[in-house]
Amino acid sequence: MAWNDNGGNPWQRNARQGPPDLDDLFGKLFRRLFGSGRGSGGGSGRKWSVGTGSILLVLLILWLLSGFYIVEASERGVVLRFGKHDRTTMPGPGWHIPYPIESVEVVNVTGNRSVEKRTTMLTQDENIVELKFSVQYRLKNAEDYLFNTENPDIAFDRACRFKSTICGVLDSAIRTVVGRNNMDFILREGRAEIASRTMVLMQEILDSYGTGIEILTVNLEDSQPPNAVQDAFQDATKAREDMERFKNEAQAYANEVLPQARGEAARMLEDAKAYRAQVIANAEGEASRFTQLLTEYRKAPEVTRQRMYLQAVESVLSNASKVVVDVDKGSNMLFLPLDRILEQRGSTRSPQSPSLDRQGGSSSGSGSFTPRLREGR
């Protein structure tokens with residue numbers, strides 16, 4: 001049917017005649033959709049069908065336009081057809097069959113997300129400890145995150161007020177790790193290790209569930225005993241600090257004494273080695289001298305025997321504190337008590353042996369004799 005049939009364009013005619021009657025307009029639309037009666041009403045029915053088709057066309061265009069969407073660079077578009085995953089679109093403009101046939105879920109896969117968990121745990125040594133964890137994570141697979149996690153739409157819940165997969169896995173991992181360690185280890189030197197073990201265990205559980213979540217960091221922000229036992233715990237902490245201080249002081253003393261003792265021990269060992277070398281050298285020298293002397297004795301026994309005797313007498317007299325001298329006149333022997341003289345002189349000054357002059361006698365006294373050392377037999 002031509003648009004200008006039955007009097008031309010109805011919209012232009014109505015514009016010339018004034019605003020159309022809404023009741024008449026909707027009546028014509030109804031008759032155009034469901035048919036018109038015979039006779040004079042046939043023309044009005046055809047006009048009604050043209051208007052209805054235009055409206056339906058506009059509605060169809062609007063419905064199709066509702067399928068356009070934009071995916072940002074940090075996002076992925078997951079298209080669902082009747083609730084089932086159909087495809088995943090990359091950043092840029094996209095189109096899907098409009099609702100209710102298809103729908104799209106835009107998921108941010110590059111931004112970091114975080115949750116916090118404060119809870120009370122029971123340690124391996126049956127003590128209660130309060131812990132606060134913070135976890136940062138991101139998504140590595142958008143469709144796994146949407147279909148394999150519980151309540152993925154509440155990622156904004158940082159305090160884990162609602163039930164979600166990431167919060168449940170965090171709670172389970174914390175209880176597992178804390179339940180395998182003592183309270184002192186958790187509160188003191190084991191904080192970094194506790195966080196590291198929790199991160200590894202969370203990632204293992206999330207990968208086994210296929211959640212598409214990657215854990216970035218796990219931090220143990222706070223760890224302390226319950227408020228009811230704070231005072232007792234502080235006393236125990238002070239006692240541990242005193243114990244550590246005493247240990248450090250003892251270690252410092254040991255570090256000071258042990259090197260000295262090791263030095264003394266090393267010096268004694270070196271002295272012993274030197275003495276051993278000296279004794280061995282002397283023994284070897286004596287043995288060599290005896291061997292040489294034996295050789296000479298076999299060549300000239302009498303001469304060697306006389307020389308050995310003189311050397312022995314000289315050795316004995318050189319170490320004696322008494323000297324026997326001959327007097328020039330007479331054959332009497334003079335006994336000179338040098339040991340007593342040395343003792344008397346040593347009480348007043350340092351002891352010195354009186355020098356004996358072969359020609360002038362003793363320098364320490366005036367005698368009428370000239371002392372002379374006896375030589376020979």
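Any chance you could count how many residues in region 162-211 are assigned to a loop (DSSP other than H, G, I, E, B) and open to solvent by less than 10 Å² (accessible area, probe 1.4 Å)?
2
Quick one: which strands (runs of 3 or more DSSP E) sit completely within region 79-161 and have at least 3 residues that are open to solvent by 40 Å² or more (accessible area, probe 1.4 Å) and in contact (Cβ under 8 Å) with a residue 12 or more places away in the chain?
84-89, 102-108, 113-122, 128-139
Return a yes/no flag: does region 35-51 have any residue that is part of a helix (DSSP H, G or I), modelled with pLDDT of 60 or more and not hydroxyl-bearing (S, T, Y).
The answer is yes; a qualifying residue exists.
For E221, indicate whether it is closer than 19 Å to T119 by Cα, open to solvent by 30 Å² or more (accessible area, probe 1.4 Å), part of a helix (DSSP H, G or I) and of a type in the set (D, E, K, R).
no
Could you please find all residues in region 224-237 being touching a residue at least 60 places away in the same chain (Cβ under 8 Å) and open to solvent by less than 50 Å² (accessible area, probe 1.4 Å)?
P225, P226
The values are calculated or read from the model by the stated rules, or taken from the named source; none is laboratory data. Every value quoted in this text rests on a predicted model; they were computed, and no experiment measured them. Cβ: placed from backbone, ideal geometry, glycine included. Neighbour counts: every protein chain shown. Just the protein is used for accessible areas: all its heavy atoms, side chains included, with ligands, DNA and RNA removed. Shrake-Rupley method; radii C 1.70, N 1.55, O 1.52, S 1.80 Å.
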